[in-house]
Amino acid sequence: MRLDKLLSDMNIGTRKEIKTLVRKGEVLVDGVPVKDPGAAVSGNEVIICRGKQVTYSRHEYYMMNKPAGVISASEDPKQETVLDLMPDDRRKDLFPVGRLDKDTVGLLLISNDGDLAHRLLSPKSHVDKVYFARVDGQVTQEDVRLFKEGLLVDESLTALPAELEIRSSTARQSEVLITIREGKFHQIKRMFQAVGKEVTYLKRLSMGPLVLDPDLEEGACRPLTEAELAALKEC
Ligand code: URA
């Protein structure tokens, strides 16, 4: 890749600032000043920029506990995004892998690995996603059966079979765990609407082998552990 792209991905400055730095000879690649911003680098070199080493990793992976009120996007002119919650010096090519609604909380993977994202989100890969939901009204065994059969939600969505586990259920409110294998727009809310109920709280607990860290506060994120990453790459 180009030297200026690497430095820009690692958030060293704007492309213009980086070009100026490079042209001034302030960037050393393996000890040698390289003055061409377009010079080819592999990412395995020792790169020093203004006396400070730039540690390059091709891919980065973070687990976020998404809070309510922020959108699952990389940038937005008006609304706060999940990336705005990350440190300012984060690399610039990160994106949320999949979307949670603005009011949904819980597990969100953030990465710059397009191949992994594609694999996890592909409709063909059927990665299990488990959510905790609070629902207005009484969720019944009939709902469990309908969800298991594959619910006709509306003209644009017939849901794949989903597992519904009732944790508590009264005439007023129910708490359930729901496992879905796809991720259509407002999927869980629409599935409950189809059986005449409204989701009032939704939290994603896991995605494939990746489980939300109970010690991660809402709005916080941390890098995946090696074990988490290995499991995710295998699924
Ligand atoms: N289903 C929904 O309705 N919303 C989400 O955010 C995720 C799944």
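If I ask for residues that are within 9 Å of the ligand (Cβ to nearest atom) and open to solvent by 40 Å² or more (accessible area, probe 1.4 Å), which ones from the range 190-199 would you list? ARG190 - this is the single residue of the range 190-199 that is within 9 Å of the ligand (Cβ to nearest atom) and open to solvent by 40 Å² or more (accessible area, probe 1.4 Å).
Of all residues in the range 74-89, those that are modelled with pLDDT under 95 and touching a strand residue (DSSP E or B) at 6+ places or on another chain (Cβ under 7 Å) total 2.
Tallying residues that are assigned to a strand (DSSP E or B) and under 21 Å from LEU94 (Cα atoms) within the range 6-44 yields 0.
In the range 195-235, what residues are of a type in the set (Gly, Ala, Ser) and without any contact (Cβ under 8 Å) to a residue 60 or more places away in the chain? Scanning the range 195-235 gives GLY196, ALA227, ALA230, ALA231.
Just one of the listed residues (GLY114, GLY38, GLY51, GLY69) is open to solvent by 20 Å² or more (accessible area, probe 1.4 Å), within 30 Å of ALA159 (Cβ to Cβ) and away from the ligand (no atom under 16 Å from the Cβ), and it is GLY114.
The conditions of being under 29 Å from the mean Cα position of the chain (by Cα), hydroxyl-bearing (Ser, Thr, Tyr), open to solvent by less than 80 Å² (accessible area, probe 1.4 Å) and not assigned by TED's automatic domain parsing to the domain that holds GLU218 are not met by THR20. Looking at the structure I just gave you, is LEU100 within 13 Å of the ligand (Cβ to nearest atom), hydrophobic (A, V, I, L, M, F, W, C), modelled with pLDDT of 95 or more and buried (at least 17 other Cβ atoms within 10 Å of the Cβ)? Yes, satisfied.
Listed here are the residues, each with its yes/no results for (1) in contact with a Leu (Cβ under 6 Å, 6 or more places away or on another chain); (2) open to solvent by 30 Å² or more (accessible area, probe 1.4 Å); (3) away from the ligand (no atom under 14 Å from the Cβ).
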residue	(1), (2), (3)
GLU175	no, yes, yes
ILE178	yes, no, no
PHE185	no, yes, no
TYR201	no, yes, no
PRO214	no, yes, yes
GLY219	yes, no, yes
ALA230	no, yes, yes
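The values are calculated or read from the model by the stated rules, or taken from the named source; none is laboratory data. Remember, predicted model here, so these are calculated numbers, not experimental data. When we count neighbours, we look across all protein chains shown, and the Cβ atoms used for this are built from the backbone with ideal geometry, even at glycine. Side chains are part of the model used for accessible areas, which takes the heavy atoms of the whole protein and leaves out ligands, DNA and RNA. Shrake-Rupley method; radii C 1.70, N 1.55, O 1.52, S 1.80 Å.
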